[in-house]
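What follows is calculated from the coordinates using simple rules that are stated; it is not laboratory data. Nothing here was measured: the structure is a model prediction, and the numbers come from that model. Because the Cβ atoms are built from the backbone with ideal geometry, glycine has one as well, and the counts that use them run over all protein chains shown.
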Amino acid sequence: MNDRAVAVVRGGALTTVQDLGRPGHAHLGVPRSGALDPAAARLVNRLVGNAEDAAVLETTVDGCALRPRSAVTVAVGGAPCPVRADGRPLPWGTAVRVPAGALLEVGPAVRGLRSYVAFGGGITVEPVLGSRSTDLLSGLGPAPLAEGAVLPLGAAAAVRGSVDAPPWPGPPDELVLRVRLGPRDDWFTADALRTLTTRAYLVSSASNRIGLRLDGPALERARPGELPSEGMVLGTVQVPPDGRPVVFLADHPTTGGYPVVAVVREADLGAAAQAVPGTRVRFVTAPQEPRDRRGPRSPGAPSSSGGMP
Amino acid sequence: MGEHALLVELADAAAAEAFHAELLRRRASGALPGVREIVPAARTVLLDGLAEPARLAAELPGWEPRPGHARVGTVVEVPVRYDGPDLAEVAARWEVSPEEAARIHSSAEFRVAFCGFAPGFGYLTGLGARYEVPRRATPRTAVPAGSVALAGPYTGVYPRSSPGGWQLIGTTDAVLWDTGREPAALLSPGTRVRFVPASRTGADR
């Protein structure tokens, strides 16, 4: 057989097709979606000679297994995991050639949560609103991988020269998320803001592509009542009525009515997506954010270092 | 809001709508810096994906949005069977008969204030303040697609089956969301909408 496609032998706990998402439709209620660890998705694409925004597979916890119908160049990155073709070990984090009809096994993540699998030519399922990403909040894009599904692949470009594969930083033992407070930090008590930025939280097993859910001290509201629905961004730290913050990831709702106490820097969200349940999480205010809200706000002024309360 | 977004808070829903319209005008004329998302909501407009949010924020106080709406285009008509399980309760709150409640709802002209919750789910305003109703105390685990529902000052239509806590007053066969269609959303922010009672064609009541 010579057709460019891979058949799914084992879908795993949750394996989805992801590219860099479908921005530009938030006003219609459509999340950005896309790979939760975009740096990993870009890297595996570069390794196989694809454009960085080609569609790849994003696994969750226990990998997946596939059978390419023609020989294909594959790279597995993101969360480290064993990779095998017909039982023979293959290297992780670099481009490998998998023969037609071989069983490609992407094993369980050894560290982290989500591995990324790129195929030369990319996965070419029909795009929806400009993206091939599976959006689990709104049900857009292809269904999560199930046994028997077949994913079409594009024509592969030649892998040009060598691609440097930087060592994967790995999930930290403690996830540090840099935040900027607001826009609704005034809905919380001073104690709650201190709690948010000084106490540790733990990643909850209820986390998913929509949000990183956290166990830990509840944040007390200074103001009761409901907030009229307002726009939400990636990295939003929303506080539902139980007081436990939720960090919005790629499939987050585009509007919401629970107050947003802070927003995590986008650069830190890839690590958040790789944090296994039970990982310690600390929120730290970004340097430009005055720690004391009652103090003068001078975003342009250099912040003093040291003396953290 | 974060590194690349501005959440602009307006005095009320009308001001938010006017500000949103102003943003769309400025974007159309190329007078707005690059922005990935413009998301209107109840009393705010979010601008996301700005290179320099602080710079735009500094400009905003000088803007004088003309009062008015984002769009004055044609009215989208949504056929409705007023057969929802909460119609009687809504009518009782309004102190009218269910038939009169349907007449009141189908006489108003609505406007999509903003979208959210699910792709193609619009929050429509247009009923008077005295017709506001609370959400249901216990949300339903599955609201059927096409359900026409009320909560607070809003009317909405569920684009697909989903959990929901709004009061269901009717049903439509209109396709609210179809990614094979351009535009995918029947109801996008600024769209004018009327609900038109559908003639009963079923064999049963």
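What the table below lists for this structure:
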| read-out | value |
| --- | --- |
| For peptides A:55-62, B:92-99, sequence by mean Cβ density within 10 Å, most packed first | A:55-62, B:92-99 |
| Residue (of B:TYR131, A:VAL48, A:ALA250) at the positive-pole extreme of the protein assembly as shown, dipole from beta-carbon charges | A:VAL48 |
| Shielding by partners, peptide B:28-41 (average Cβ within 10 angstrom, other chains) | 3 |
| Gain on full stretching of the segment that runs from B:ARG160 to B:ARG66 - 0.36 nm per residue minus C-alpha separation | 30.2 nm |
| Long-range Cα-Cα pairs in segment A:11-124 (distance over 16 Å), rounded percent | 56 |
| Alpha-carbon radius of gyration plus Dmax, which is the widest Cα pair, for segment B:75-197 in Å | 13.2, 43 |
| Spatial separation of Cα centroids for segment B:22-82 and segment A:1-44, in angstrom | 30 |
| Dimensionless Rg over Rh [segment B:5-62; C-alpha; Kirkwood] | 0.92 |
| Exercise: per-residue mean of other protein chain Cβ atoms within 10 Å, A:248-260 | 3 |
| Only Lys, Arg (+1) and Asp, Glu (-1) charged, at Cβ; the protein assembly as shown dipole about Cα centre in debye | 540 |
| Rounded, prolate or oblate (a/c below 1.5 giving rounded, otherwise prolate when a/b exceeds b/c) for segment A:214-283 by Cα gyration tensor | oblate |
| Calculated FRET efficiency for the pair A:ARG111/A:ALA13, C-beta based, R₀ 22 Å, to 0.05 | 0.85 |
| Estimated distance in nm for a label pair at B:ARG27 and A:ALA51, the labels positioned 7 Å out from Cα along Cα-to-Cβ | 2.2 |
| Spin-label model distance (nm) - A:ASP173 vs B:GLU132, 7 Å beyond Cα toward Cβ | 5.3 |
| Translational D in µm²/s for chain B (Stokes-Einstein at 37 °C, 0.692 mPa s, Kirkwood Rh from C-alpha pairs) | 180 |
| Restricting segment A:87-159 to trypsin sites (Lys or Arg not before Pro) in coil, as DSSP defines it, with at most 13 other Cβ within 10 Å | A:ARG111 |
| Beta bridges by DSSP in the protein assembly as shown, antiparallel share as percent, to the nearest 5 | 85 |
| Estimated [θ] at 222 nm from DSSP helical runs (n ≥ 4, -39500 (n - 2.57)) normalised by residues in the protein assembly as shown, nearest 500 | -3500 deg cm²/dmol |
| Translational D in µm²/s for segment B:115-166 (Stokes-Einstein at 25 °C, 0.890 mPa s, Kirkwood Rh from C-alpha pairs) | 219 |
| Helix A:38-47 axis, angle to chain A major axis (alpha carbon atoms, nearest 10°) | 20 |
| Rounded Å value of the spacing that divides the Cα centres of segment A:82-115 and segment B:115-145 | 47 |
| Rounded, prolate or oblate (a/c below 1.5 giving rounded, otherwise prolate when a/b exceeds b/c) for the protein assembly as shown by Cα gyration tensor | oblate |
| Test item: A:25-38 mean partner chain Cβ contacts at 10 Å | 6 |
| Farthest positive-ward along chain A dipole, Cα basis, beta-carbon charges - from A:GLY148, A:LEU113, A:MET232 | A:LEU113 |
| Simple spin-label estimate for A:ARG97 and A:ARG265 in nanometres, 7 Å along Cα-Cβ | 4.2 |
| Principal-axis tilt of helix B:13-28 within chain B, Cα atoms, nearest 10 degrees | 50 |
